[in-house]
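Let me begin by presenting the structure, written as structure tokens, before commenting on it.
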Amino acid sequence: YFQEGKYAKALASYSIAIELSEPEDDGLDSLDGVAAKATNPNVHVYYANRAFCHIKMENFGSALVDASAAIRVKEDWPKGWYRRGTAHMALNRPKDALRDFMQLCKLAPNDKDARDKLKQCQKQVNADKFAKAIGCEKTKPASQTVDVAHMDVDATYSGPVYQSGACTAEFCQALMQHQKEEKTIAKKYAYQIVLDMIEMLKGASTLVDIEVPDAGEVTVCGDVHGQFYDLLNIFSMNGVPSQDNPYLFNGDFVDRGSFSVEVILTLFAWKLAFPQHLHLARGNHETRNMNKLYGFEGEVTKKYDEELYQLFCEAFCLLPLCHVINNQVFVVHGGLFSKDDVTLDDIRKVNREQEPPDEGLMTEMLWSDPQPGRGRQPSKRGVGVAFGQDVTENFLKVNNLKMVIRSHEMKEEGYEIEHGGRLVTVFSAPNYCDQMGNKGAFIRLDGKTMTPKYKSFSNVPHPNVRPMQYANPMLGQLFGM
């Protein structure tokens, strides 16, 4: 399974192998027990390879635990340090990763790949220090300093022309066709779209209530992750946004896929054309830390410039964190909370105009995941919390809601129903990163009963640009292992 890239199945098999290799419980800490008494000489390999499976499945918290276990079992084995350094980098902890890669190079001094990883990690640490120093000097947001009026449009430009304050469905259609042909809209117009979005989102709220008439329907989409051609396919199958065909896109529009600029400009344009019928929620990838690693920052600066990226960051901090449809369905990117009895009014009071903190309601809404059974556990991602069916039921009861729709996790059929049918995950990026083989999906809800109808779909061809093309070079190599 591991060699075939079937990481979920490989993970399950390694778990069995580890269980068979562990000694019986003698009261010691489980990892120390393994280190002291495991008789299987390959158990460190099982841990390290399971860590790699977790990395591929974006369970970075679990990857840290397994890589640390591999190190405890066999401290002089380079791959344990490699895996842990990778997990630290994926969690945007370059200082911790640096320590692991330094140890890796001590154990494998002649390994060119190890030396390259160390150099790249050192470069990232230094870049972060520089960015922090520069950030301290800034006093005004980019939207207050950019001068669009004096930007020129090249005389040879023949693409769609954006009129500020007058975005139409016709412009959106022209924009999609232009970008489908691998052309970029003029810089002046890209800037103006984002600036107009910033102004519009200033009037939004942390929690947005959506009303759908009895005879109407609304479509909820999950992660798109820069897969522009699959987004076009959604609109082809389900119709473009309009007053009669409203949409809610539930976060993670960007990163990983290498057409994130095209995705976000398209969604922003439709939002400007139909502000009450195209809804956008923030995901954990609409954040600086993720964009720095997973490609959006690199893509924007490659296709446009750094200042436009700063405008996008400003807009992302104004996006709502969740929606409630017809007072019945709670829609959030990640999940629920580390404590019971959180109310919708508690959520409304959350200050969304910031980068996510280390903990708290905002971070949990962006990062948490459901788990089978009941109760709560530390998140396999290393951020947020894993929550059980009782947590979902408490939240719904306290707030008189019918169900939770969330995204944030790839699912084989594009969606998965959990927690007794009261929680659904929807993920709209088919064949995620061109390698996972999953389907995408969207959900349609009718206004009268809020009964979900699921539509799964396969990926469509896209130009020959690989995923993670613009990602941090180190991460691109790490995930390409």
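The values are calculated or read from the model by the stated rules, or taken from the named source; none is laboratory data. Owing to the predicted nature of the structure, the values given are computational and were not obtained by experimental measurement. Positions of Cβ are generated from backbone atoms using ideal geometry, with glycine treated the same way; all protein chains shown enter the neighbour counts. Please note that ligands, DNA and RNA were not included when accessible areas were found on the heavy atoms of the full protein model with its side chains. Shrake-Rupley method; radii C 1.70, N 1.55, O 1.52, S 1.80 Å.
Out of everything in segment 76-134 that is in a helix (DSSP H, G or I) and touching a His at 6+ places or on another chain (Cβ under 8 Å), what residue ends up being most open to solvent (accessible area, probe 1.4 Å)? So the residue we want is 96.
Here's the yes/no breakdown for (1) surrounded by fewer than 24 Cβ atoms within 10 Å (Cβ to Cβ); (2) free of Cβ contacts under 8 Å to residues at least 12 places away in the same chain; (3) outside the structural domain of residue 451 (by the TED database); (4) under 26 Å from residue 362 (Cβ atoms):
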{"position": "240", "(1), (2), (3), (4)": "yes, no, no, no"}
{"position": "258", "(1), (2), (3), (4)": "no, no, no, no"}
{"position": "286", "(1), (2), (3), (4)": "no, no, no, yes"}
{"position": "302", "(1), (2), (3), (4)": "yes, no, no, no"}
{"position": "305", "(1), (2), (3), (4)": "yes, no, no, no"}
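There is no residue in segment 380-388 that is free of Cβ contacts under 8 Å to residues at least 24 places away in the same chain and part of a helix (DSSP H, G or I).
For residue 315, are the conditions met, namely being more than 23 Å from residue 434 (Cα to Cα) and open to solvent by less than 10 Å² (accessible area, probe 1.4 Å)? Yes: the conditions hold for residue 315. Among residues of segment 430-445 that are open to solvent by less than 10 Å² (accessible area, probe 1.4 Å), those with a beta-carbon under 9 Å from a residue that is outside any helix (DSSP H, G or I) and acidic (Asp, Glu) at least six positions away or on a different chain give the pairs 438/412; 438/413; 440/223; 441/413; 445/217. A single member of 329, 324, 300 is touching a helix residue (DSSP H, G or I) at 6+ places or on another chain (Cβ under 9 Å) and farther than 28 Å from residue 170 by Cα, and it is 324. Residue 363 meets the conditions (1) open to solvent by less than 20 Å² (accessible area, probe 1.4 Å); (2) in contact (Cβ under 8 Å) with a residue 24 or more places away in the chain; (3) in a helix (DSSP H, G or I) in every case but one. The failed one is (2). When segment 64-76 is filtered for residues that are in contact (Cβ under 8 Å) with a residue 40 or more places away in the chain and farther than 16 Å from residue 21 by Cβ, only 64 remains. Is it true that residue 157 is crowded, with 16+ Cβ neighbours inside 10 Å, closer than 18 Å to residue 273 by Cα and without any contact (Cβ under 8 Å) to a residue 60 or more places away in the chain? It is false that residue 157 is crowded, with 16+ Cβ neighbours inside 10 Å, closer than 18 Å to residue 273 by Cα and without any contact (Cβ under 8 Å) to a residue 60 or more places away in the chain. Of all residues in segment 385-421, exactly one satisfies the criterion of being touching a helix residue (DSSP H, G or I) at 6+ places or on another chain (Cβ under 8 Å), open to solvent by less than 30 Å² (accessible area, probe 1.4 Å) and small (Gly, Ala, Ser), namely 388. Within segment 459-481, if we keep just the residues that are at pLDDT 70 or above and open to solvent by 40 Å² or more (accessible area, probe 1.4 Å), the residue that is nearest to residue 94 (Cα to Cα) turns out to be 473. Within segment 442-454, none of the residues are in the same structural domain as residue 373 (by the TED database), among the charged types (D, E, K, R), at pLDDT 95 or above and over 23 Å from residue 210 (Cβ atoms). Kindly indicate whether residue 295 is of a type in the set (Gly, Ala, Ser) and either open to solvent by less than 10 Å² (accessible area, probe 1.4 Å) or at pLDDT below 95 (or both). Spelling it out, residue 295 is indeed of a type in the set (Gly, Ala, Ser) and either open to solvent by less than 10 Å² (accessible area, probe 1.4 Å) or at pLDDT below 95 (or both). For segment 446-473, the tally of residues that are without any contact (Cβ under 8 Å) to a residue 60 or more places away in the chain and either of a type in the set (A, V, I, L, M, F, W, C) or part of a loop (DSSP other than H, G, I, E, B) (or both) stands at 4. Here residue 163 passes the criteria (1) open to solvent by 90 Å² or more (accessible area, probe 1.4 Å); (2) polar (S, T, N, Q); (3) not assigned by the TED database to the domain that holds residue 264 except the one numbered (3). Scanning segment 198-219 for residues that are open to solvent by less than 10 Å² (accessible area, probe 1.4 Å), assigned to a loop (DSSP other than H, G, I, E, B) and among the polar types (S, T, N, Q) turns up at least one hit.
Filtered by the rule that a residue be under 26 Å from residue 452 (Cβ atoms) and either outside the structural domain of residue 282 (by the TED database) or small (Gly, Ala, Ser) (or both), segment 331-374 gives 334, 335, 368, 373.
Taking residue 186 as meeting all but one of (1) in contact with an Asp or Glu (Cβ under 9 Å, 6 or more places away or on another chain); (2) in contact (Cβ under 8 Å) with a residue 40 or more places away in the chain; (3) at negative phi; (4) not charged (D, E, K, R), write down the number of the exception. Among (1) in contact with an Asp or Glu (Cβ under 9 Å, 6 or more places away or on another chain); (2) in contact (Cβ under 8 Å) with a residue 40 or more places away in the chain; (3) at negative phi; (4) not charged (D, E, K, R), residue 186 violates only (2). Taking segment 124-154 as the range and being touching a residue at least 12 places away in the same chain (Cβ under 8 Å) and within 19 Å of residue 95 (Cα to Cα) as the test, the residues that pass are 124, 125, 128.
Whether any residue in segment 230-248 is farther than 21 Å from residue 181 by Cα, aliphatic (A, V, I, L, M) and at pLDDT 95 or above is what I want to check. Yes; the residues of segment 230-248 include at least one that is farther than 21 Å from residue 181 by Cα, aliphatic (A, V, I, L, M) and at pLDDT 95 or above.
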